[in-house]
């Protein structure tokens, strides 16, 4: 049996999270927003807030949890990318923004998904 590539697993996890968030009322604006500064997995609108979502899949915690893997350097790249998004899409500039992380672990029957709202602050960067 051939193992899936990390890219394929990442796409699968992002798709699972997109479905999960949409069933909880989030309207997705963009998936995989990329610019020179970095990439944001999902950008959505939920309860009058624009949310920048970082998706983290972890097969196990051997190298740390998904939340632990979003270090200050990764956060800064996300903040810079969010700033770029807002500059390119001024219609979203007057809404409150939030940075969430959604952690995904392998499925037993269904994937384990944990939505960490307001996972980190962007005050220092945006």
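The values are calculated or read from the model by the stated rules, or taken from the named source; none is laboratory data. Since the structure is predicted, the reported quantities are computational estimates derived from the model, not experimental observations. Don't worry about glycine lacking a Cβ; one is built from the backbone with ideal geometry, like all the others, and counts go over all protein chains shown.
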In the stretch 1-34, anything surrounded by 14 or more Cβ atoms within 10 Å (Cβ to Cβ) and touching a helix residue (DSSP H, G or I) at 6+ places or on another chain (Cβ under 9 Å) is listed as 26, 28, 29, 30, 31, 33
Go through (1) at pLDDT 95 or above; (2) farther than 13 Å from residue 115 by Cα for residue 10 and report which single condition fails.
(1)
Restricting the search to the stretch 31-49, which residues are over 14 Å from residue 78 (Cα atoms), in contact (Cβ under 8 Å) with a residue 40 or more places away in the chain and part of a strand (DSSP E or B)?
45, 49
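Residue-wise test of (1) under 11 Å from the mean Cα position of the chain (by Cα); (2) closer than 18 Å to residue 28 by Cα; (3) at pLDDT 85 or above.
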{"site": "55", "(1), (2), (3)": "yes, yes, yes"}
{"site": "60", "(1), (2), (3)": "no, no, no"}
{"site": "66", "(1), (2), (3)": "no, no, no"}
{"site": "69", "(1), (2), (3)": "no, no, no"}
{"site": "76", "(1), (2), (3)": "no, no, yes"}
{"site": "87", "(1), (2), (3)": "no, no, yes"}
{"site": "92", "(1), (2), (3)": "no, yes, yes"}
For residue 37, all conditions in the list (1) at pLDDT 95 or above; (2) in contact with a helix residue (DSSP H, G or I) (Cβ under 7 Å, 6 or more places away or on another chain) hold save one; what is the number of the exception?
(1)
Condition set in a loop (DSSP other than H, G, I, E, B) and without any contact (Cβ under 8 Å) to a residue 40 or more places away in the chain, scope the stretch 16-30, selection nearest to residue 88 (Cα to Cα): answer is 26
